[in-house]
Amino acid sequence: VPCVVSDEVVMHILFHTETLILERLMKFRYPKMRIYNNLLMDILSCISKQKNQVNCQKEIETFGFTIDEFDQLNKEYSKYNYENYLMDYDDIMLLAFELLNSNKAMLKLLQKNIKYVLIDEFQDVNQIQYDLIKLLFLFLE
């Protein structure tokens, strides 16, 4: 019996964890900066965009950071996650793509019983999600 967990629940858990990590890093690095939820959400969004190779330089400037400062914060965030065996949503997508792209036996095993695919809100997928979808389901054509 498959277990179904809504995207909203998963995203809430991931976002809450990511927010706490980023807030801790920022309080250490910028102790005098006023840190509020919208800022954390915007920074996490920009980190996500960078992982998906989308330029967000204009957004970074609105945070009050230089590009170098933001890049350093992003590196610290990634390092913290790596050292603590944590992955954010983008890391999960990237790792899944890399794993399936390099391990054809595992890819074939997943594809073995797939007959139909329904992707809700396909217009909202980013590049890595699109690449993962193609990799998993292109054989259905």
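The values are calculated or read from the model by the stated rules, or taken from the named source; none is laboratory data. On a predicted model such as this, the values are computed, not experimentally measured, just so you know. Every residue, glycine as well, gets a Cβ built from its backbone with ideal geometry; the counts of neighbours run over all protein chains shown. SASA here: full protein model, heavy atoms, side chains in, ligands and nucleic acids out. Shrake-Rupley method; radii C 1.70, N 1.55, O 1.52, S 1.80 Å.
Below are the figures for this structure:
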quantity	calculated
Area of Tyr36 that stays accessible when all protein chains are in place (1.4 Å probe, Å², to 10)	100 Å²
Degrees, to the nearest 10: 37-51 long Cα axis against longest axis of the chain	50 degrees
Heavy-atom accessible area per residue - the chain, 1.4 Å, Å²	74 Å²
Violating pairs (Cα-Cα greater than 22 angstrom) within the set Lys51/Lys112; Lys51/Lys115; Lys58/Lys134; Lys27/Lys79; Lys49/Lys75	Lys51/Lys112; Lys51/Lys115; Lys58/Lys134
Shape category assigned to the chain from the gyration tensor of Cα positions, a/c cut at 1.5	prolate
The chain, relative contact order in percent, only Cα pairs under 8 angstrom and at least six apart counted	21 percent
The chain: angle of helix 89-102 to the longest principal axis, Cα-based, in degrees nearest 10	40 degrees
Carbon plus sulfur fraction of accessible area for the chain, probe 1.4 Å, in percent	57 percent
Listed residues Ile114, Ile67, Ile21, most fluctuating in the chain (Gaussian network, C-alpha, under 10 Å)	Ile114
Neighbourhood net charge (12 Å Cβ-Cβ; Lys/Arg +1, Asp/Glu -1) for Ile35	+3
Virtual spin-label span in nm between Tyr130 and Lys27, 7 Å along Cα→Cβ	4.0 nm
